[in-house]
Every structure is written in structure tokens, then in C-alpha cells.
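Worksheet: one structure, shown below.
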Amino acid sequence: MSPTPPPPAAPALATTTAPAADLHDPRSYLRLAGRHYENFPVGSWLLPRAARVHLHRIYAFARTADDLADELRDAAALAAFRADFLRHVDGGATDVPLFADLAATIRDQRLERALFTDLLDAFAQDCVQTSYDESELRDYCRRSADPVGRLVLRLHGYRDPALDALSDRICTALQLLNHLQDLGSDRRERGRVYFPRADLQRFGVADADLLAVTASPAVKALVAHWAARLAADFAAGWPLVAAVRGRLRWELRAILRGAAAVLARLRAVDHDVLGGRVRLTKGERLRTVLAGLLRASAPDFAGGRR
């Protein structure tokens, strides 16, 4: 009897996910963090190299799965991605380098499997859900954003519920800040509005307002409301910076200074996320990283200082 052949290496999946990363080329996914626009550092050089390698694997996993949901809107490919991931983590397969390396990271760093499946659950939800109430939005962020912060803490040796809670507050706020910037493109390109239906009604935001080329007073009011809420969340999460040690503290400073810079940008364009420039330039992002090195004080999230 001939031996049972190994399972195929899923070439269709690798092709499908090519816009994000070639899962069979470690050089590709380890460079992925530098190929996608991000307001906030992702495993930047502020962190030790050993931690960066693990974080780039995690980022490539999350970025690729997210692109399947957001860019390709391919639920079947996302399900295949999940099956391949579990085949490596639970079944010991080694044929897809990204999953094999990630399985080694999960094993060696004692990472909770649920943090990865929560991310995949949230990305699958993006394929089917287009509007939210407040509780649904918070639950979505719990699965789509909070696991990333907890994974960063784990890779630096922190397994403390109090620190997890601070991290969750920051990560949810970062996720919602990205959604606030993408309010128009999410509606136009994906038919999706993350902010609660009750808030849209409260501020009088009509669907046509979200499709416009500039923000109406109603949209600006919605954005200003959420920007103020997120500023308070970032300020409440800032104590995490003092609670961690070493270079992770620099990374968190840079991330939170990036958040403060985006909030300042929103104010500078009068909360017009549809027509104004709300993305940070490369130079602005570099300045947030340098500020993370040089400035220990909390940034002005709310913009109230003179």
C-alpha cells in the first residue's frame, strides 16, 4: 500500500490572500507590517527583535484574515484560512510556513488559542453584519481588537487581569478611532457602518450623509461625540504605560501619541472625516515614535490645553 500523501499546501488560499501576504514565504509576511498603512506602530523597532518576530507573525495572520473579510469579502476563503490555521495549531501540520511559525509562537510563548479564534470570529462577522447597536459594537471590538493587546502583553511576560483591562480599553479605542476615520469608506466600499444605530438617529445622520464628499453638520457632531469618548478612553488606559517595563513602555507611548495625533487631526479638519485629511503622514507618524522615546508624560488626548 502506498503511503498516504500529505495534505495539499492550499495554493488557492495563498493566491486569494496575495494582496496581504504570501503564506508560503516567510520573508513576505515578516515584511507585511511595513507594507500596510497604519497610524500606530506595529511591532516597531522600539521593541526587542525577539518580540518583533512573534508580533510580525501575529500581525500577518490578523492582517491577511482581515483583508479576506474587508478587501475581498470572501467568507469561504476566510473559513479555509481558519481551517488551515487550526490544522497547524491543533493537528501539527507544517506545510504552510506562516501557520507553522505561528503555531511555534503560540506553543513557545504559551499564548491562548482563543485570542486567535476570537479574531477570526470577528473577521467572519465583518462578512455578514453591516450595522450595530452599542452592545454589539463593544462585543465586536472585544474580539477584533482586544486580543491583539493581550497578545502583546503575553509576549512581554504579562498575565495580569488588571493590565488586560487597561489594554482592552486602549485597543477598543484604537479600533473605534480607525472606524471613525474610515466612516465614509466603510459605508461606500463595504456597505458597513460600525457606529451605533441609536447614535446615528440621535445626531440625525442619514445614509446619504455618509455617502457625501464632505461631512454634514450631523456627521461632524457624531464624529466629535465619539472623538471625545475615545479621548477619555485613551486617557483612562494611559496608566498601562507606567505599569509595564522596558521597551514595551516606549512602544505604548508611541501608539498612544499616535492616537492623540489622530484626534488632533480630527479637530483640525473640524471633524470632517469625509472630506478632510485624517490620516497621519509618514513624517507625523515618525514624530509619534520619537515622542514615545523622549517624552514620558501623557499626551493631550482631548485637546484642551493652551
log10 of Debye I(q)/I(0), alpha-carbon scatterers only, for the stretch 39-192 at 0.16, 0.17, 0.18, 0.20 Å⁻¹: -0.95, -1.07, -1.19, -1.42
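I need the fraction of alpha carbon pairs in the stretch 23-294 separated by more than 29 Å, rounded to a whole percent. Before the final figure, lay out each step's value.
Numbers: 11764 of 36856 pairs.
Beyond 29 Å sits 32 percent of the P(r) for the stretch 23-294.
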For the stretch 242-250, in residue order, the Karplus 3J(HN,Hα) values (coefficients 6.51, -1.76, 1.60; θ = phi - 60°; whole Hz; Gly and Pro = x) are 6, 7, 9, 10, x, 6, 4, 4, 5
Could you work out the relative contact order of the stretch 52-112, using alpha carbon pairs under 8 angstrom and six or more residues apart, expressed as a whole percent? 29 percent
The stretch 23-294 - charge dipole about Cα centre, Lys and Arg +1 at Cβ, Asp and Glu -1, debye rounded to 20: 1160 debye
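Quick one: putting +1 on the C-beta of Lys and Arg, -1 on the C-beta of Asp and Glu, what dipole do you get for the stretch 188-247 around its Cα centre, in Debye to the nearest 20?
Details: 9 positive and 5 negative charges, 54 e Å.
Around 260 debye, computed over the stretch 188-247.
Rule-based calculations on the coordinates, nothing more; no lab input. Predicted model, so just to flag it, every value in this text is computed and none were measured. So basically every Cβ, Gly included, is an ideal-geometry build from the backbone, and we count neighbours across all protein chains shown.
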